[in-house]
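Below is one structure, written out as structure tokens, with a few remarks after it.
The values are calculated or read from the model by the stated rules, or taken from the named source; none is laboratory data. Values in this document were obtained by computation on a predicted structure and should not be read as measured data. Don't worry about glycine lacking a Cβ; one is built from the backbone with ideal geometry, like all the others, and counts go over all protein chains shown. Please note that ligands, DNA and RNA were not included when accessible areas were found on the heavy atoms of the full protein model with its side chains. Shrake-Rupley method; radii C 1.70, N 1.55, O 1.52, S 1.80 Å.
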Amino acid sequence: MKQYHVLIVDDEVHSIRGVQAGVNWDKFNISNVYTAHNLTSAQEVFLNNQVDLLLCDIEMPKGSGFDLLKWVRENYPDTEAIFLTCHSDFSYAKQALQLKSLNYLLKPVDYEELEEVIEEALEKIKKDQEVKNVEESYLELKKNHGEVLRQRFWLDLIQQVIPSDANEIAEHLEKHHVSYFESTTFLPVLFNVLRWKKEFTVHEEKVKLAALQKVMSEVISNNGINADVINLDTGYVLVIIPFLSPVDLNELTNKLDQYISQFSQNHSCDLCCYLGNRVGIQDVMSMVHKLIELDSNNVTISNQTILYKNEKKGLSSYPQFPSTEWANLMKSGQKEKFLDQLNNYFERWKTLDYITGQSLHLFYQDFLQQIFYVLQVKGIQANQVFSQNLLTEKPVKVLKSLCSLQDWIIFIVEVTMNQLHLPQEKGSVVDVVKQYIQNHLGEQRLTREDIANYVYLNPDYLTRIFKKQTGLSLSDYLQQQRIEYAKNLLVETSLPVSEVALAAGYSNFSYFSTIFKKSTELNPMEFRRLSLSTKKS
């Protein structure tokens, strides 16, 4: 239930004390009764506290009650006011009414009558708030409905549901209850996340993109720009800004760069913003598609704003690589030399002009052909090494940037040469697997296939190289790590044993106890007691 706050203002202390004592404040849910003796101290109360109801004398030194209520009406229009005065002069009553005072009571005050007036005032406050809430809800609903209609219109236009014809557009504007001046031009601004620096699920990525849309909506709103922010459902967030006057592109670009930098840091990603040209409404669809094409060919720039320019397209080619030499390095096991050459190749590639997204695809296809050739020469089938995800899921992400492709190519080389020469050195794919297991110990359904898919390897092949390098099968190693994790929880925390079992990835408590005893020759409780007693001694 709402709690109310009252301020009593009177230059006579005994009058304030009389009202304080004479009114049963509790029955009105009045939690605070503030007091003040002049206009200045009353203003201080308003500045530092919420005041729902003002009970005020009229004649006071250094500012009358009328002066105070005039100030309140200018600054706190929702506050109700009741005057308490010794004067029955009609001009006083008239002035009180003009200032929208709820009532005008003569001193000495009848406290029962005052309570009735207070009750009336609080009821009015309650009803006014209800009306205000309804109005605000209606305005918010109307605003949201208008935004939905505009977004639907822009989506239909960009997805070519609406033809880019002036008459068709005008018809659909009317249908969606959207209106713009004929002279209005539109500036499309496209945002795209190039890569996430952490591993996210599909759902988590969608949440992050929704956050980007929300951030851009707030940015637009906070800068007083009347624009629509649209999620294109393809990883793109589109902002369409209508203009009737010139735009300072440098200022807009600087602001966009600031927000891109903040978002990339807060959400662990690289993204870009593409700023189009101002165009008429019939050319918006074409301009948006040019920005999407600009993004698809941006494989070197991140975390900044790129302006669209009608320049010639880059050639869909890539620097020739020494295929014979690289094949020989792979076959002979000279991994470090090969990796150095790869890194130098990519660094040179980054300095070239007109790199396109298509050139990355061409290079990737030709490089895979090289990998498969070397494996075939060594009598190894590619599907015995790599999981099927190598050619499907991962490339969609890595082919968006030259840096991502470089990292991915190096990973493929590591996996290939590990299979060709089975090295024992640190930093191999086995270490990646160990870290992945460590990060997912609490997951009850963590399987061999899950682990293999994470490193894009065939499960049978991963099992072979893992046992070769560790002496343990994947399942034995996983169980060993879970037991070690459980042992640590038993000693370092006061969690119940059942919760320790769940945290270590075991949903069946009896099975956990059996496995634990088999590993330690003690059940979990015995292990905890022995460990703690040993620790104390």
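Quick notes
- The chain: calculated mean residue ellipticity at 222 nm from DSSP helix runs of at least 4, using -39500 (n - 2.57): -18500 deg cm²/dmol
- Residue by residue, segment 112-122 carries 3J(HN,Hα) couplings of 5, 5, 4, 5, 5, 5, 4, 4, 4, 5, 5 Hz when phi is fed to the Karplus relation 6.51 cos²θ - 1.76 cosθ + 1.60 (θ = phi - 60°); x denotes Gly or Pro.
- Global form of segment 484-537, assessed from the alpha-carbon gyration tensor, a/c cut-off 1.5: oblate
- Segment E120-D165, length gained on full extension (0.36 nm per residue, minus Cα span): 10.1 nm
- Normalised by 2.2 N^0.38 Å, where N is the number of residues, the alpha-carbon radius of gyration of segment 429-515 equals 1.13.
- Subtracting the Cα-Cα distance of A211 and A382 from 0.36 nm times their residue separation leaves 57.5 nm of extension gain.
- Violating pairs (Cα-Cα greater than 29 angstrom) within the set K62/K124; K206/K487; K214/K290; K208/K400: K62/K124; K206/K487
- Summarising the amide proton neighbourhood of L457: residues at separation of 5 or more, or on other chains, whose placed amide H is nearer than 5 Å comprise S387.
- Angle between the chain longest axis and helix 13-22 axis [Cα atoms, degrees, rounded to 10]: 70 degrees
- Taking label positions 7 Å along the Cα-Cβ direction at both Q480 and D460, the computed distance is 2.5 nm, reported to one decimal.
- Approximating the spin labels as points 7 Å out from Cα along Cα→Cβ, the N254-to-Q20 distance works out to 5.6 nm.
- Placed amide H near L271: partners under 5 Å, 5+ positions off or other chain: L194, N303
- For the chain, the longest principal axis of the alpha carbon atoms and the long axis of helix 509-520 meet at an angle near 50°.
- In order along segment 195-210, phi translates into HN-Hα couplings of 7, 9, 7, 10, 7, 10, 6, 4, 5, 5, 5, 5, 5, 5, 5, 5 Hz, rounded to whole numbers, per the Karplus curve 6.51 cos²θ - 1.76 cosθ + 1.60 with θ = phi - 60° and x for Gly and Pro.
- Converting phi to 3J(HN,Hα) with the Karplus coefficients 6.51, -1.76 and 1.60 and the offset θ = phi - 60°, segment 398-407 yields 6, 7, 8, 8, 5, 5, 5, 5, 4, 4 Hz in sequence order, with x at every glycine or proline.
- Length-normalised contact order for the chain - Cα pairs under 8 Å, 6+ apart - percent: 8 percent
- If the segment from N343 to S286 were pulled out straight at 0.36 nm per residue, it would be longer than the present Cα-Cα gap by 16.7 nm.
- Along its three principal directions, the equivalent ellipsoid of the chain from the Cα gyration tensor extends over semi-axes of 68, 41, 18 Å, largest first.
- Within the chain, antiparallel bridges make up roughly 50 percent of the DSSP beta bridges whose residues both belong there.
- Scattering from segment 299-370 was approximated by placing one identical point on each alpha carbon and applying the Debye formula without solvent; log10 I(q)/I(0) at 0.24, 0.25 1/Å stands at -1.19, -1.25.
- Carbon and sulfur %, accessible surface of the chain computed with the full protein complex present, 1.4 Å: 49 percent
- The alpha carbons of segment 231-270 stretch over 36, 24, 10 Å along the principal axes, in descending order.
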